[in-house]
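Reviewing the structure listed below.
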Amino acid sequence: MKVLSAPISKKDIDELEVGDLIEVHGYIYAGRDSVLPKLVRLGHDNRLGDLNISLEGGVVFHSAVSIAGVGPTSSNKLEIESNMVPLSKMGVRLHIGKGAIGDDTIRGLADHHAVFAIIPPVSALLTSLVVEKEIVAFPEEGMEALFRLKVHGFTAIVAAAKGKSIFQD
Amino acid sequence: MSKEISKKIAETLIKAGTTFRADQMDAYEKAIVSETNERAKWVLETILENAKVAQDTASPLCDDTGIPHVLIEIGKDRCLSGAVMAAIQEGIAAGLRAMPGRPMALRGDAIQRLEQSGGIDGDAGAVLPAPFLIKSADENDVLRVHILLYGGGPAIRGQVKSVFHKHCMSVVIDEIVTLASEGVSKLGCTPCTLSIGIGRSQFEATALMMEAQVYGKYDIQNDLEKEITSRVNAAGHGPLGLGGDHSVLATFLRVGSQRASGVRIVSIRPDCCFEPRVASLEL
């Protein structure tokens with residue numbers, strides 16, 4: 001088990017291999033279909049700092065956040081997967097979700113020192129590991145707003161790294 | 001009377017969303033023992049641990065608490081009034097608020113709802129159930145309500161398809177295996193349970209699929225169900241697509257009346273690793 005604390009360095013990411021189990025600690029972002037395209041647009045407009053958002057070394061968890069808890073949604077949804085590489089260009093090192101992603105995305109992540117990890121959709125367990133949560137952008141999206149979470153020990157498995165993936169095994 | 005019905009319905013919905021069935025728990029325990037892939041074994045153990053935590057704390061198995069679906073069975077000696085229907089609706093809303101369900105009802109007119117541009121209702125109880133399915137019961141004196149919670153992932157990967165059977169069962173089964181394999185490979189939350197209905201129309205096939213979720217048993221599988229499970233598992237996608245022996249835990253197949261025709265209508269839903277989330281009560 002490799003323990004990672006956000007923000008994560010390029011060096012730590014470059015040491016990860018497909019199939020590694022990782023344990024994630026610290027502040028991460030949670031967002032999905034509605035908000036990830038908006039987050040990328042904010043980055044393109046150089047407005048991330050206005051909202052106190054820093055993506056360098058960041059972690060993005062593909063999840064809604066609601067009173068029912070947290071849990072990964074399918075990362076291969078169009079509006080999620082298509083924004084993984086742009087977010088990696090902006091500094092995101094670790095994308096956490098579920099489901100198989102495409103070869104182009106896998107290569108794009110590798111080009112920007114980023115990896116994709118799959119986390120079991122175990123909401124009862126995951127929710128118990130969230131120690132802080134706050135909305136940082138797009139509150140009008142409700143459970144699909146961009147949240148900042150402080151997590152204590154999310155356990156996931158590296159599914160795509162260095163241009164390789166678990167789906168090609 | 002109505003308040004008592006609503007209370008029981010709310011409790012039943014919460015049970016559906018927070019509790020594994022006994023045969024489902026057993027299916028996971030057996031899968032853990034027989035799984036040969038260590039990554040897959042870790043996923044299965046984590047899902048089972050989650051189920052135990054959810055049950056102990058009465059918290060949702062999954063944060064996608066699902067869209068309520070209702071199947072009612074009624075015997076010929078019972079009646080189902082508008083007041084009882086309203087009490088069931090109220091019980092569902094109360095159950096969603098108490099569980100708590102995920103607030104995911106969209107506000108606005110048809111276009112706003114389609115575009116998701118009218119905002120999200122913050123009330124978990126605003127998530128309305130799908131239209132109820134009502135069928136005759138075999139017993140005379142029974143009014144039985146089954147509540148199911150449908151998550152979004154399986155809704156993306158589910159399909160209804162016309163199959164030209166060429167008067168050969170294996171053609172239908174082959175097509176089911178093809179459809180199921182495609183859905184399972186893309187569904188993020190596996191191992192799944194394949195729920196399948198075969199009928200004369202898209203509506204009937206999907207109603208039968210829902211019946212399969214209610215009546216299917218993990219520990220009682222007929223030869224066709226075993227064959228479908230085995231053939232889909234042979235691809236080796238495994239839990240969460242990480243490889244392994246258990247992409248599918250079981251298949252629940254319901255074959256209804258068929259028409260004299262060259263076509264069979266197949267409705268197939270790859271239920272996620274927590275589904276079918278179903279609980280039942282008698283009123």
For the stretch A:42-169, what is one quarter of the convex hull surface built on the Cα atoms, given in nm²? 7.7 nm²
Please average, across the residues of B:53-63, the number of beta carbons from any other chain that are within 10 Å of each residue's own beta carbon, and give a whole number. 6
Projected area averaged over orientations for the protein assembly as shown, convex hull of C-alpha atoms, nm²: 22.0 nm²
Separation of the B:GLU182 and A:ARG41 label points, Cα + 7 Å toward Cβ, nm: 3.3 nm
Subtracting the Cα-Cα distance from 0.36 nm times the residue separation, let me have the gained length for B:GLN55 to B:ALA98 in nm, one decimal. 14.0 nm
Inverse of <1/r> over all distinct C-alpha pairs of the stretch B:131-283, i.e. the Kirkwood Rh in Å, gives 15.8 Å
Considering only protein heavy atoms and a 1.4 Å probe, what is the carbon-and-sulfur percentage of the accessible area of chain A? 49 percent
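Please report the antiparallel percentage of the DSSP beta bridges confined to chain A, to the nearest 5. Before the final figure, lay out each step's value.
Details: 25 of 41 bridges.
Percentage antiparallel, nearest 5: 60.
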Determine the distance separating the Cα centre of the stretch B:9-47 from the Cα centre of the stretch A:16-41; give it in Å without decimals. 26 Å
State the extension gain, in nm to one decimal, for the chain segment bounded by B:CYS168 and B:ASP109, taking 0.36 nm per residue of separation less the distance between their alpha-carbons. 16.5 nm
At 0.890 mPa s and 25 °C, plugging the Kirkwood radius over alpha-carbon pairs of the stretch B:47-101 into Stokes-Einstein gives what diffusion coefficient in µm²/s? 181 µm²/s
Once Lys and Arg get +1 and Asp and Glu get -1 on their Cβ, which of B:ALA180, B:GLY199, B:LEU242 lies farthest toward the positive end of the dipole of the stretch B:2-282? B:GLY199
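List the GluC sites (Glu not before Pro) in the stretch A:45-108 that DSSP assigns to loop (not H, G, I, E or B) and whose Cβ has at most 16 other Cβ atoms within 10 Å. Which are they? Don't skip to the end; give the middle numbers.
Numbers: sites: A:GLU56, A:GLU79, A:GLU81; in loops: A:GLU56.
Passing sites in the stretch A:45-108 are A:GLU56.
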Rounded to the nearest whole number, the per residue volume of the convex hull around the C-alpha atoms of chain B in Å³ is 143 Å³
Kindly report the accessible area of the stretch B:72-203 per residue (heavy atoms of protein chains, probe 1.4 Å, no ligands, DNA or RNA), in Å². 47 Å²
note: the stretch B:1-111, Cα-Cα separations exceeding 16 Å make up a percent value of 68 percent
Output row, site B:SER136, 7 Å Cα→C-beta label point, backbone N cut-off 16 Å, window the stretch B:247-283, residues B:257
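So between A:LYS89 and A:GLU132, what do we pick up on full extension, going 0.36 nm a residue minus the alpha carbon distance? Mind showing how you got there, number by number?
Values: separation 43, 0.36 × 43 = 15.48 nm, distance 2.70 nm.
Length gained between A:LYS89 and A:GLU132: 12.8 nm.
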Which Rg and Dmax, in Å, describe the Cα atoms of the stretch B:67-199? 18.8, 52
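Can you tell me which of A:143-152, B:24-33, B:63-72 comes out highest on packing, and rank the rest after it, using the mean Cβ neighbours within 10 Å? Walk me through the numbers before you get to the answer.
On the way: A:143-152: 20.6, B:24-33: 16.9, B:63-72: 24.4.
Highest mean packing first, the order is B:63-72, A:143-152, B:24-33.
For the pair B:ASP219 and B:ARG78, what calculated FRET efficiency results from E = 1/(1 + (r/R0)^6), where r is the Cβ-Cβ distance and R0 = 30 Å, to the nearest 0.05?
Values: r = 30 Å, r/R0 = 1.01.
Computed FRET efficiency for B:ARG78 and B:ASP219 comes out at 0.50.
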Solvent-accessible ranking of B:LYS135, B:LYS226, largest area first, probe 1.4 Å: B:LYS226, B:LYS135
Check: C-alpha center the stretch B:253-283 vs C-alpha center the stretch B:198-224, spacing in Å is 3 Å
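Which trypsin sites (Lys or Arg not before Pro) in the stretch B:41-128 sit in a loop by DSSP (not H, G, I, E or B) and have at most 16 other Cβ atoms within 10 Å of their own Cβ?
Listed in order of number, the matching sites are B:LYS76, B:ARG78, B:ARG107.
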In deg cm²/dmol and to the nearest 500, what is the mean residue ellipticity at 222 nm of chain A if only DSSP H runs of at least 4 residues count, each as -39500 (n - 2.57), divided by the residue total? -5500 deg cm²/dmol
Place a +1 charge on the Cβ of each Lys and Arg in chain A and a -1 charge on the Cβ of each Asp and Glu, then give the dipole magnitude about the Cα centre in debye, rounded to the nearest 20. 120 debye
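Mean residue ellipticity at 222 nm from the helices of chain B, using -39,500 (n - 2.57) per DSSP H segment of n ≥ 4 over the full residue count, to the nearest 500 deg cm²/dmol? All intermediate terms of the calculation are to be shown ahead of the outcome.
Values: 9 runs with 122 residues, N = 283.
Taking each H run of at least 4 residues, the total per residue is -14000 deg cm²/dmol.
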Along the stretch B:160-176, what does the Karplus equation 6.51 cos²θ - 1.76 cosθ + 1.60 (θ = phi - 60°) give for ³J(HN,Hα), rounded to whole Hz, x for Gly and Pro? 10, 9, 7, 10, 7, 8, 6, 6, 9, 4, 5, 5, 5, 5, 4, 5, 4
Once each part is reduced to its C-alpha centroid, what is the distance from the stretch B:111-176 to the stretch A:57-94 in angstrom? 28 Å
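The values are calculated or read from the model by the stated rules, or taken from the named source; none is laboratory data. None of the values given here were measured: they were computed from a predicted structure. Note: ideal-geometry Cβ built from the backbone for every residue, glycine included; neighbour counts use all protein chains shown. We work out accessible area using only protein heavy atoms, side chains counted, and drop any ligands, DNA or RNA first. Shrake-Rupley method; radii C 1.70, N 1.55, O 1.52, S 1.80 Å.
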